[in-house]
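Engineer: Once you've had a glance at the structure underneath, I'll fire off some questions.
The values are calculated or read from the model by the stated rules, or taken from the named source; none is laboratory data. Quantities reported herein were computed from a predicted structural model and do not represent experimental measurements. As a convention, Cβ positions derive from the backbone with ideal geometry for all residues, glycine included, and neighbour counts pool all protein chains shown.
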Amino acid sequence: MKRRSFLQQFVYVVAVLAAGSLPFGLSRLLAPAAKADPRTHLRPPGALKDDAAFVEACIGCGLCGEVCPPRCIQFYQREGGNKVNTPYINPEKKGCILCNKCMEVCPTESLTLVPREKIDMGIAQIDRTACYPWVDHGICGACAVICPLGERGIGFDFANIYRPVVKKGCVGCGLCVEVCPHPSLPIWIVERSQGTVAKHRIG
Amino acid sequence: MSVQANKPLFIWRHLNKLRWLVMSLVFFMLILLPMLHVYQTYVSAHAYDLLSPSEQNFYDFMETITAPFVSDPENELDAIKGTTWSGTFFGLKLSDPLAAAGQVAASLKFYWPFVLTALIPVAFTLVFGRFFCGWLCPATFLYELNTTLGVWLRKAGLRTGNRRLDPRLKYIVLVLGLLLSAVSGSIVLAAVYPPAVVGREIYYAIALGGFGVGAVFFVVTLLFDLLVARRGFCRYLCPGGALYSLLGRFRPIRIKRIVENCNDCAKCNAVCEFGLDPLRDNFGMECNNCSACIAVCPTDAMTFVVRMQDFPYQGPGHLGRHYRRQQGKKQTIDDSDEKA
């Protein structure tokens, strides 16, 4: 008899907990975690470097997106999992113009205002086997023209004036990715530690 | 102010209209702000000629409605930004208390500049209880329309759900949400809190070209309200409502039934969205001071009072049948006493 009432209570508690976790389960079902391509999912400028800390701090209010002049900030949806509703920038669609507005408006510490040179969204990486000027002496230079950091971010290789070379000042805003005319996008943003700037040339 | 107020202030009757105005205004702003943002992006791009014809129409429309108020739309329209979850209001950053609680739980530390943005809402909640739920919440706007839809469905002969669950369930949702936030390191409450979901999804739909996953969640909550319990999500599951109920436990602004004017018609019980029992002085922590019962009362028996606790049951209304019968009995007893 005692065991029976204990079981009944146990079932009751489990049922109540299940009912309480119903909304969370539903929201999780709607946003299962998938592997997001890091090339198309950059954090906005000023984001905490540790992505786990960023997800802890971001409340998903969407203010960063709501002040973004080029509307480049998007939000994780179904692919998000835990990151759902946190912001990202897809440079293949739109790059960041480094206007600082999102960092100023962010109510939490997740986007902290840092000077332009200290922004670290990543660093551009150029595939020299696909970029027009590098492959067949084409004339392009779109990435170097658009770069908001100018000579500090991306420049031309000496004597091969249209061959773009990423320099150490690059903050990874992704504007070069946005404007790159090559269909296979031979330029993309990687994490700073994985960039090959130093290997090719001292920036 | 516990003077015997036998008449409610005449304005209390009309507060419900003001409440609908405020709720509509908040909802309207949630639609307008993303549109203003899209307009701002067009302005800052300086490329009117490159817009498609429909975008140009949109640009012209927004220019027409904003031109009287701002000269520099690119920057001046930043004055009001965000949603009820978190936003800036003429330089003042305001956040939902639940957002602050969720962030503290997720990161397990206090980041004061953010927690303090919830200070003003918390102060208001301490005084007015769950006023947010009744007066500002953009989801409430849709849920109350959903209730009306339920009434129509019932009139059409369809059955809608009207189950009663335990209102304490929402505290479990809140605690579970905070625990899950702490464990998973992400603010899971943000995804299950309807006002946050609504504000965000409207923004996604207007500025980013489509609803996100939250829209599905919100539709499910609407169905839950229709099929399981009227306003069920707010009453039984909403973690924000749970937090405000706790904060508003000792709210000084309350609704009181004036027993002398009450005739037991129970219209207040019928109109109460949260299924409370104003007729028996049972408001509790759930009452969101929405004043619908004051507006509907035909005998002016509902009013606001300044009091830290609800009145205990004051007995049947003095204009009602039960009270008269009681009085009659008492009278006869008194008479018989006198005779004896």
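Engineer: Pick from segment A:16-46 the residues that are in contact with a helix residue (DSSP H, G or I) (Cβ under 6 Å, 6 or more places away or on another chain) and in a loop (DSSP other than H, G, I, E, B): which of them is nearest to A:PRO91 (Cα to Cα)?
Structural biologist: Here the residue is A:PRO44.
Engineer: Please identify the pairs in which a residue from segment A:139-153 that is in the same structural domain as A:CYS176 (by TED's automatic domain parsing) has its Cβ atom under 9 Å from the Cβ atom of a residue that is among the hydroxyl-bearing types (Ser, Thr, Tyr), counting only partners at least 6 apart or on another chain.
Structural biologist: A:ILE139/A:TYR132; A:ILE139/A:TYR162; A:CYS140/A:TYR132; A:CYS140/A:TYR162; A:GLY141/A:TYR162; A:ALA144/A:TYR162
For every residue, the table says whether it meets (1) on the phi > 0 side of the Ramachandran plot; (2) among the acidic types (Asp, Glu); (3) more than 13 Å from the chain's Cα centre (by Cα).
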residue	(1), (2), (3)
B:LEU222	no, no, yes
B:ASP225	no, yes, yes
B:ALA229	no, no, yes
B:PHE233	no, no, no
B:LEU237	no, no, yes
B:ALA242	no, no, no
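Here's the yes/no breakdown for (1) under 20 Å from B:LEU276 (Cβ atoms); (2) hydrophobic (A, V, I, L, M, F, W, C); (3) in contact with a helix residue (DSSP H, G or I) (Cβ under 7 Å, 6 or more places away or on another chain):
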residue: B:ALA156; (1), (2), (3): no, yes, no
residue: B:LEU165; (1), (2), (3): yes, yes, yes
residue: B:VAL173; (1), (2), (3): yes, yes, yes
residue: B:ALA182; (1), (2), (3): no, yes, yes
residue: B:VAL188; (1), (2), (3): no, yes, yes
residue: B:GLY209; (1), (2), (3): no, no, no
residue: B:GLY232; (1), (2), (3): yes, no, yes
residue: B:LEU243; (1), (2), (3): yes, yes, yes
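Engineer: Considering only segment A:66-81, state which residues are more than 7 Å from chain B (Cβ to nearest Cβ) and under 15 Å from the mean Cα position of the chain (by Cα).
Structural biologist: Within segment A:66-81, A:CYS68, A:CYS72, A:ILE73, A:TYR76, A:GLU79, A:GLY80 meet the criteria.
Engineer: Checking A:ILE119 against (1) surrounded by fewer than 23 Cβ atoms within 10 Å (Cβ to Cβ); (2) under 25 Å from B:LYS81 (Cβ atoms); (3) within 14 Å of chain B (Cβ to nearest Cβ), which single condition isn't satisfied?
Structural biologist: Status for A:ILE119: all satisfied but (3).
Engineer: Filter segment B:225-270 down to residues that are assigned to a helix (DSSP H, G or I), buried (at least 17 other Cβ atoms within 10 Å of the Cβ) and either of a type in the set (Gly, Ala, Ser) or touching a residue at least 60 places away in the same chain (Cβ under 8 Å) (or both), then give me how many there are.
Structural biologist: 17
Engineer: Sticking with this one: Among the residues of segment A:27-41, is any within 14 Å of chain B (Cβ to nearest Cβ) and touching a Ser or Thr at 6+ places or on another chain (Cβ under 7 Å)?
Structural biologist: no
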